[in-house]
1. Quick test of your reading of the structure: Arg331 fulfils all but one of (1) in contact with a Ser or Thr (Cβ under 7 Å, 6 or more places away or on another chain); (2) of a type in the set (D, E, K, R); (3) modelled with pLDDT of 75 or more. Name the failing condition by number.
2. Picking from Pro734, Pro704, which residue would you name as being of a type outside the set (Ser, Thr, Tyr), under 30 Å from Asn356 (Cβ atoms) and touching an Asp or Glu at 6+ places or on another chain (Cβ under 6 Å)?
3. What tally of residues in the stretch 467-498 results from selecting those that are modelled with pLDDT under 85 and surrounded by 15 or more Cβ atoms within 10 Å (Cβ to Cβ)?
4. Return yes when Gly663 is buried (at least 18 other Cβ atoms within 10 Å of the Cβ), within 47 Å of the chain's Cα centre (by Cα) and of a type in the set (Gly, Ala, Ser) and no when it is not.
5. From (1) in contact (Cβ under 8 Å) with a residue 24 or more places away in the chain; (2) surrounded by fewer than 16 Cβ atoms within 10 Å (Cβ to Cβ); (3) among the β-branched types (Val, Ile, Thr), pick out the condition that doesn't hold for Val126.
6. Looking at Leu177, is it touching a helix residue (DSSP H, G or I) at 6+ places or on another chain (Cβ under 6 Å) and in contact (Cβ under 8 Å) with a residue 40 or more places away in the chain?
7. Please verify whether Ala119 is in a helix (DSSP H, G or I), at pLDDT below 90 and not assigned by TED's automatic domain parsing to the domain that holds Ala44, treating the condition exactly as stated.
Amino acid sequence: MDAANRLFLYTPADVAGEERTWIGLEVGGLGAVLDPVECASGEASYALYDGDDAMALHGGKLPPRVEETPAYLSHDSFRLRGAGWWPQTLVLVKSVGEAGWRLAYYVPISDLIEDGAPAFQAAAGVALALLVAVLLAVRHLRNHLVKPAQRQYAALVDSVALNRKIVEVAPVGLCLLRRADGAVLLSNAAARQWLGERDHWRETLSRAGAETGGEECTLENGRSAYVAFAATTYQSEDVVLCGISDITAQKKVEHALRQAKLATDQASASKAMFFATISHEIRTPLYGILGTLELLAMSGLSAPQRQYLDTIQQSSSTLLRTINGTLDLSRIEAGREELEIGAFSPAELVEQVVANYAARAAAKGLTLYALTEVGMPLTLRGDAVRIQQILNNLVSNAVKFTEAGRVVLRACVAATGEPGQVRLRFQVADTGPGIREDHRARLFEPYFRVPAGQGGDSGGTGLGLTICRRLSDLMDGGLSVVSEEGLGTSIAFCLTLAADEPVGAAPVTLAPRPVYVDGAVPEVVDNVRGWLSACGAVALPYRQAGDAAGSADAVLVRTWPPSTPAPRWRQRQVRVWAPGASQDAFLADAADGVASASDPVSICRAVRMAQDGAEPGAPGVAGAASRSLELRVLVVEDNAINQRILREQLEHLGCAVTLASQGDEALRRWRAQPFDLVLTDLNMPVLDGYQLARALRDAGHAGPIIGLTSGSSAEIAQRGLAAGMDQVLGKPLPFLVLAQTLHGIAKDPA
């Protein structure tokens, strides 16, 4: 190509094989195509290489080191070139035709960047955005996935390490056994020691399956272990987790406790046998003493003799209470005390308690009475004997420590709980000297007695209130004390009992007529008025003789304690005798009215009789007991003293008595003649009372059989009833108890 940018191309014209002729071609204006001036930058250039790698043509700036033919020009290529680490030129090599010519085009990088700046900027922005997005994503993954996972992994590693340490230092043996073959997967030193001593544990525990349980094992050397196991999984394998505890010391303690309990039971049995024997041996002669004293009291005695007799009777009664208290406490402590649940009248029970101590209270000049709250259920179900035993003790203490004033026994319904149950509250209040606070805290301790300076006579064993507390606990009840020095003492006994009748049921229905109530104690008057009003009467307090003017059918109730002077009343009236007084003597004195016991139920029934026009002097109860029972009684007793006392007691009641010293002798006498009643001792040689009762029933005896025993346990009474007896009475047998029992039999022969 010349300066005019003309390109001359020549080729030989082959004529007859001689190269003499050439054909030429002139191409003009080629510079317009290849001249780099026409490019966007003066830095761009090109070069045309022939088949011999010689530069045939170039344009623009001469390419670097064109005097040398680079190796990359031998083939089509795309390459960056430059001096140093940063490329300066983009080289494009392309073959031209088939003669081996190649065209190389050199473009500066700066031109490319300048020409493609918008595209590069857009691409860079996109790349930057993608980079930021990737970085944010990486950060999010690191903060929310990687780091938590790392923390969890670290915690897991720490937990595993800690668990291994815990397992290793645990005071019990811990191990994991593979269920498939019993291999130990994990264990601590204690477990390895135990497993080494008793290898067959592995087989036993690996067969545990899905069960959870335990097994006690004893080694040949005497050591004992308890193995607790549970099936679980570990590293995708079925395993058994085992805990092995050394219970050798525990087994020794258990053995020692069993031996101690056995010794205690033997001692308790020996103690019970001792007390039973002592009870029998003491009560038998004591019965002779007390029975003889009662018979002596019925004979004619002078005043000094009567005083001596009273002293002996009081001392004997104190001795009997001491013996009974000691035996009761021993029975309770031995767990032999059982409740005998039955129906009883709470009103009659409290009156009976007051009657037991009326004579002692009267001798000290005390006013003793009982109050039963209006609406009290007529019958309740509970152990009346134990309830009365508690109340007897409380009233006895109140009478003993009170020198002036009164003693009151109150019974009320504290609350109603579930249907058919009531919360009963008994209260014994006195006007005695009171109890100091430091003594109140010890009041229920065994053998504690209030000092004589605080209550006068402090004689006794100190077991009474302790027995009350134990019996109260046995009945799920409670005892509480309120006392102030100089003001008196109040002891409350609460317990829950079953009620056969609803609260508030009236014992009788009275005509709505005026019934006046008179008495020395306003509290008693108000209580009787409440009961009469609940039964339908118009109950009014009596104030003066003119109260009943114009009411011919009015009735006057004279309560106990009576008022003085006696009211002037010429119409029908009900006179209440004092608790413990002789009914027959009172009937003779109360010829101008209907007689009644002091409990509110009896008073209401007596008022009903008065309203119905009963004859003056009639008893307001079932009737006065006959003095002559005229019963044929067979007494079976092996003790001569007891025989004589029973015979005289029964003859005093008008009974015909036949004696027998043995059970077989009693059978012979029974076959010889009929008897209305058999009274037999339980403990006799050859044929005892239980066997005698069975033999009599088998032989056809249909009459009552009453057993007598010096024992005091409920089992004895139950055994007697099971043998066919109607009742079992304890010795010493008071004359009054015997009389009441036989009167009941005489009234109900069936």
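1. Going through (1) in contact with a Ser or Thr (Cβ under 7 Å, 6 or more places away or on another chain); (2) of a type in the set (D, E, K, R); (3) modelled with pLDDT of 75 or more one by one, Arg331 breaks only (3).
2. One residue alone meets the criteria, Pro704.
3. Within the stretch 467-498, residues that are modelled with pLDDT under 85 and surrounded by 15 or more Cβ atoms within 10 Å (Cβ to Cβ) number 1.
4. no
5. (1)
6. Yes; evaluated as a whole, the condition is true for this residue.
7. For Ala119, the condition - in a helix (DSSP H, G or I), at pLDDT below 90 and not assigned by TED's automatic domain parsing to the domain that holds Ala44 - is met.
Each row is one residue, and each column tells you yes or no for (1) within 21 Å of Gln649 (Cα to Cα); (2) at pLDDT 90 or above; (3) buried (at least 21 other Cβ atoms within 10 Å of the Cβ); (4) more than 43 Å from the chain's Cα centre (by Cα).
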| site | (1), (2), (3), (4) |
| --- | --- |
| Thr680 | yes, yes, yes, yes |
| Asp698 | no, yes, no, yes |
| Glu715 | no, no, no, no |
| Asp726 | yes, yes, no, no |
| Leu729 | yes, no, no, no |
| Gly744 | yes, no, no, yes |
| Pro749 | yes, no, no, yes |
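The values are calculated or read from the model by the stated rules, or taken from the named source; none is laboratory data. These numbers come from a predicted model, not from an experiment. Cβ: placed from backbone, ideal geometry, glycine included. Neighbour counts: every protein chain shown.
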